[in-house]
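Working notes, beginning with the structure itself.
Any read-out appearing in this document is the output of simple, stated calculations on the displayed coordinates, not a laboratory observation. Everything quoted here is computed from the prediction, not taken from an experiment. Positions of Cβ are generated from backbone atoms using ideal geometry, with glycine treated the same way; all protein chains shown enter the neighbour counts.
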C-alpha cells in the first residue's frame, strides 16, 4: 500500500489533476458569482462583462458541478480509497 501512495505522489495522473483543477475553478467562480449576486453587485459586473450572465444565472449549479468534479477526481486519484 505504501508503494501505491509513493507512486501517486511522484507521478500524479494528469487527466485527474486537470479535472480537479477545473473543479476548483468552477467552484470558485460559482461561489464568487453567487456571493456577488447575493450582495447585489452583480449588475456592476454584468455591465462590464455581459458574457458572464449565464454564470450568474447558474451560479449554484456551477458551484455544485465544480465540487462534484473535484471530489470525483480526488476519490479516483487517491490510492487509499478502493473504489473499484
10 Å binning of all Cα-Cα separations within segment 2-77, expressed as whole percents from 0 upward: 20, 37, 22, 14, 6, 1
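Remind me, relative contact order of segment 2-77 in percent, using alpha carbon pairs under 8 angstrom and six or more residues apart? Show your work: numbers first, answer last.
Working: 70 pairs, mean separation 38.1, N = 76.
Averaging sequence separation for qualifying contacts and normalising by length gives 50 percent for segment 2-77.
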message: Using the basic label-point model (7 angstrom from Cα toward the beta carbon), what is the residue 18 to residue 31 distance in nanometres?
response: 2.5
